[in-house]
Structure formats: structure tokens, C-alpha cells
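Presented below is the structure to which this report refers.
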Amino acid sequence: MPSASTPTVRRAHKEKSSVLAPTALSNLQEAERRQLPLEQQLSLDEVQQAAFAELKKDVVHKVKDVTFSDDDLLKFLRARKFNVQKTLTVLKNYVVRLSCRQRAN
């Protein structure tokens, strides 16, 4: 019997199960999710989808020399709460900083 001042040590017990491991299941779900269009994968509402479409169109015309993936654009857009103008400003500044770093090296 442990005393009140002695902490008890509990060891984690790993259960073996016949179901798929969490990583295998998440990989399967990820593969199924990637087959859907990006807007459905991320379950964006109509306003968010419109902002994303506008940003993709504007990035091609206003941000040159760098290609962004849809995932990257959505990260920037979400961080700016789907404000397209703020996101474009941040993307332009990001490209400028990136080109300055490349010139320095």
C-alpha cells in the first residue's frame, strides 16, 4: 500500500486490436478526400469559395514569378479571415522578401 506522500506510477497499457491503425485509417481517409474537388475537401461555404476563386484569379495576374499551391493560398486566405485584398498584400510582400533572400545568397 503506497503512502500518501509516495506517488503511484501508472503504466500505459497498449491494447492490440484488429481494426486499422490510426495512421493507416487517416491515410485512407486522406486518399479518399483528395479525390474530391478542393472546395469540397475543405467544406468551404459559398462566401469562402468565392473569395478563394477571386484570390486564385488575382494571384495569377498580380503576383508574378512565384507559383502557389491551392493549399498555400488557402492558408494565407484563412489567416486573413478570407479578406482577399489583405491576402494579396501579404502574398506580394512574401514574394518580395523571398526574392530579397534569394539575391542575398
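The values are calculated or read from the model by the stated rules, or taken from the named source; none is laboratory data. Just so you know, these numbers come straight off a predicted model, no measurement behind them. Cβ placement follows ideal geometry from the backbone for every residue including glycine, while neighbour counts extend to all protein chains displayed.
Things worth noting here:
- Every test in (1) surrounded by 10 or more Cβ atoms within 10 Å (Cβ to Cβ); (2) modelled with pLDDT under 60; (3) not polar (S, T, N, Q) is passed by Lys81 save one, and that test is (2).
Okay, residues lined up against (1) modelled with pLDDT of 95 or more; (2) more than 26 Å from Arg103 (Cβ to Cβ); (3) assigned to a helix (DSSP H, G or I):
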{"position": "Asp58", "(1), (2), (3)": "no, no, yes"}
{"position": "His61", "(1), (2), (3)": "no, no, yes"}
{"position": "Lys64", "(1), (2), (3)": "no, no, no"}
{"position": "Phe68", "(1), (2), (3)": "no, no, no"}
{"position": "Gln85", "(1), (2), (3)": "yes, yes, yes"}
{"position": "Lys92", "(1), (2), (3)": "no, no, yes"}
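- Residue identified as at pLDDT below 75 and assigned to a loop (DSSP other than H, G, I, E, B) among Leu25, Leu20: Leu20
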